[in-house]
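Chemist: After the structure tokens below, expect a handful of questions from me.
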Amino acid sequence: MAKQKTAFVCTECGSDYSKWQGQCSDCGAWNTVTEVRLGPAGRRGAAISAGNRAGFAGARPEAKLLSDIATEEVARIASGAGEFDRVLGGGLVPGSAILVGGSPGAGKSTLLLQTLCHLARARPCLYITGEESLQQVALRARRLGLPMDQLRLMAETNVESILAALEGDRPDVVVVDSIQVVHSDDIASAPGSVSQVRECAAALTRHAKQSGSVLLLVGHVTKDGSLAGPKVLEHMIDCSILLEGSDDSRFRTLRGQKNRFGAVNELGIFAMTDGGLREVKNPSAIFLDRSEEASSGSAVMVVWEGTRPLLVEIQALVDDSALGNPRRVAVGLEQNRLAMLLAVLHRHGGLHLGDQDVFANVVGGVKVLETSADLALLLAIVSSFRDHPLPRDLVIFGEVGLSGEIRPVPSGQERLAEAAKHGFRRAIVPKANAPKSAIPGMEVVPVRKLQEALAAFA
Ligand code: TYD
Ligand code: MG
């Protein structure tokens, strides 16, 4: 019998080592390097990879000229949900593998069941459920009123059986829910372990590329936001998208983390209703559901999410601190950025908040990672500190530099247009983002320095 190959792999980041060590030198995590049995070399090919010598993309090794490779546009398959297509970069690409991640209860199974029921009306589709029974899936589909007569369903967790079924059925779109329960007979470790997840996902991905079908893999995410174990998957799949939402909110965001066929950081927004996941077509309206009265500490900004602007409200609360080391808490924003902005405010705005607790929050559970939120956050903090509400029809965006300068942000015109569409009449924007011709009904205040911005609404 051929010798068993083993490797040592970090379960957090997927780094490989030739021998065991206590700490992963790549991600710094302790006790995460585990032994992975790669299965007997040579024999494994028999079941898992149909063509033993076939490479990852399915073709036999043969070098070609770059210009000789046929590149006619492959038609994408529309998923039927516009928000899902947006995140994918325009639809499902045949021959690709997509990982849909999310914490339990986020709605991964619901989203994929809805998508597949609709897709199945036009092309052969297969839903492989490893977590729920066939009855549970059918009950859910019936309750949601989905078209049920075309979708084929299978309860299976063995990867060899799944591959055999795919060979027989030849579906165009396959869902495997979830990759953590799929296991192979050739590998000794338990389902969900790194070696199982990695080898099974590799076999399924290889099959998708060879057969030109779309593979949608469901993956669970751990508490700290990383995919449990299958962080190692991210190298082999084509797209990785994450379905997120806080437990108390019915809104779910779908975000691309890696996409070989489109831009990442596109945001799709859904609402979980008793009729399943529904697309939210006008997200600005829901995140801006504000009270009638102007209140201090609230500022509205326009973030740029992928290819579209989104209006969000940033709130700040500044309060006398009882602690020697006042708290700086940022939810939905970057903590370090908040500390930096407070320093800029002190140095260049002359406002001393060293004895104040500062809390900042983005309403609606959205995460704002852009620097364009700087100015809105600063003005929200000043507004709360002075207990002086900002006008309700004011929108603010701009990056704040360390010397107190206000820097331009991309797509300024589109951001202003979105704000105007939602009834905003005033805007504080970086000088370089000021529109060349006036926007009807909107007063734009261009600013170059932090002091000018502070003076603009005082
Ligand atoms: P599910 O798709 O099973 O989540 P996942 O596969 O990501 O673990 O969704 C489960 C949650 O969604 C559950 O907590 C209840 C909620 N839900 C609704 O509110 N309405 C619905 O119509 C459905 C199907 C689920
Ligand atoms: Mg599920």
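The values are calculated or read from the model by the stated rules, or taken from the named source; none is laboratory data. The shown structure was predicted, so the numbers you read here are calculated from the model rather than taken from an experiment. A quick note on method: Cβ atoms are made from the backbone with ideal geometry, for glycine too, and the neighbour counts reach across all protein chains shown.
Chemist: Would you pick out the residues in the range 261-279 that are within 22 Å of LEU116 (Cβ to Cβ), not in a strand (DSSP E or B) and not hydrophobic (A, V, I, L, M, F, W, C)?
Modeler: Hits for the range 261-279 are GLY262, GLU266, ASP274, GLY275.
Chemist: Return only the number of the condition from (1) surrounded by fewer than 20 Cβ atoms within 10 Å (Cβ to Cβ); (2) touching a Pro at 6+ places or on another chain (Cβ under 8 Å) that ALA190 does not satisfy.
Modeler: For ALA190, the exception is condition (2).
Chemist: Moving on. For residues in the range 109-160 being free of Cβ contacts under 8 Å to residues at least 12 places away in the same chain and within 23 Å of ARG252 (Cβ to Cβ), which is nearest to ligand 2 (Cβ to nearest atom)?
Modeler: Among those that are free of Cβ contacts under 8 Å to residues at least 12 places away in the same chain and within 23 Å of ARG252 (Cβ to Cβ), it is GLN136.
Chemist: Does the range 286-300 contain at least one residue that is part of a helix (DSSP H, G or I) and farther than 18 Å from ARG426 by Cβ?
Modeler: Yes: one or more hits.
Chemist: Moving on to the next point. Among VAL366, VAL358, which is the only one that is modelled with pLDDT of 95 or more and in contact with a helix residue (DSSP H, G or I) (Cβ under 8 Å, 6 or more places away or on another chain)?
Modeler: That would be VAL358, the only listed residue that is modelled with pLDDT of 95 or more and in contact with a helix residue (DSSP H, G or I) (Cβ under 8 Å, 6 or more places away or on another chain).
Chemist: Can you pull out the helices (runs of 4 or more DSSP H) entirely within the range 62-153 that have at least 2 residues that are within 15 Å of ligand 1 (Cβ to nearest atom) and of a type outside the set (Lys, Arg)?
Modeler: Output list reads 108-119, 134-143.
Chemist: With respect to the numbered conditions (1) among the hydrophobic types (A, V, I, L, M, F, W, C); (2) outside any helix (DSSP H, G or I); (3) surrounded by fewer than 22 Cβ atoms within 10 Å (Cβ to Cβ); (4) touching a residue at least 60 places away in the same chain (Cβ under 8 Å), which one is the sole condition not fulfilled by LEU163?
Modeler: That leaves (2) as the condition not met.
Chemist: Let me ask another. For the range 390-413, give me each residue that is assigned to a loop (DSSP other than H, G, I, E, B), without any contact (Cβ under 8 Å) to a residue 60 or more places away in the chain and on the phi < 0 side of the Ramachandran plot.
Modeler: Hits for the range 390-413 are ASP393, GLY401, SER403, PRO408.
Chemist: What number of residues within the range 13-49 are at pLDDT below 75, surrounded by 16 or more Cβ atoms within 10 Å (Cβ to Cβ) and assigned to a loop (DSSP other than H, G, I, E, B)?
Modeler: 5
Chemist: Select, from ALA432, ALA453, the only residue that is surrounded by fewer than 16 Cβ atoms within 10 Å (Cβ to Cβ), among the aliphatic types (A, V, I, L, M) and modelled with pLDDT of 90 or more.
Modeler: Sole residue among the options that is surrounded by fewer than 16 Cβ atoms within 10 Å (Cβ to Cβ), among the aliphatic types (A, V, I, L, M) and modelled with pLDDT of 90 or more: ALA432.
Chemist: Follow-up question, since we're still on this one. Checking VAL87 against (1) of a type in the set (A, V, I, L, M); (2) out of contact with any Leu (no Cβ under 8 Å at 6 or more places or on another chain); (3) modelled with pLDDT of 80 or more, only one condition comes out false. Which one?
Modeler: (2)
Chemist: In addition: So which of VAL181, VAL221, VAL264 is modelled with pLDDT under 85, on the phi < 0 side of the Ramachandran plot, in contact with an Asp or Glu (Cβ under 9 Å, 6 or more places away or on another chain) and surrounded by fewer than 22 Cβ atoms within 10 Å (Cβ to Cβ)?
Modeler: Of VAL181, VAL221, VAL264, the one residue that is modelled with pLDDT under 85, on the phi < 0 side of the Ramachandran plot, in contact with an Asp or Glu (Cβ under 9 Å, 6 or more places away or on another chain) and surrounded by fewer than 22 Cβ atoms within 10 Å (Cβ to Cβ) is VAL221.
Chemist: What's the number of the only condition in (1) in contact with a helix residue (DSSP H, G or I) (Cβ under 8 Å, 6 or more places away or on another chain); (2) more than 16 Å from ligand 2 (Cβ to nearest atom); (3) of a type in the set (Gly, Ala, Ser) that GLY90 fails to meet?
Modeler: (1)
Chemist: May I ask you to list the residues in the range 318-366 that are touching a residue at least 12 places away in the same chain (Cβ under 8 Å), loosely packed, with under 15 Cβ neighbours inside 10 Å and not small (Gly, Ala, Ser)?
Modeler: Of everything in the range 318-366, those that are touching a residue at least 12 places away in the same chain (Cβ under 8 Å), loosely packed, with under 15 Cβ neighbours inside 10 Å and not small (Gly, Ala, Ser) turn out to be ASP319, ASP320, LEU323, ARG327, VAL329, VAL331, MET340, ARG347, ASP355.
Chemist: Looking for something at pLDDT below 85 and either over 21 Å from GLN356 (Cβ atoms) or of a type in the set (Phe, Trp, Tyr) (or both) - is there at least one such residue anywhere in the range 308-326?
Modeler: yes
Chemist: Being closer than 30 Å to VAL194 by Cα, modelled with pLDDT under 95, out of contact with any His (no Cβ under 7 Å at 6 or more places or on another chain) and not acidic (Asp, Glu) narrows it down to one residue among ALA122, ALA165; which is it?
Modeler: Among ALA122, ALA165, only ALA165 is closer than 30 Å to VAL194 by Cα, modelled with pLDDT under 95, out of contact with any His (no Cβ under 7 Å at 6 or more places or on another chain) and not acidic (Asp, Glu).
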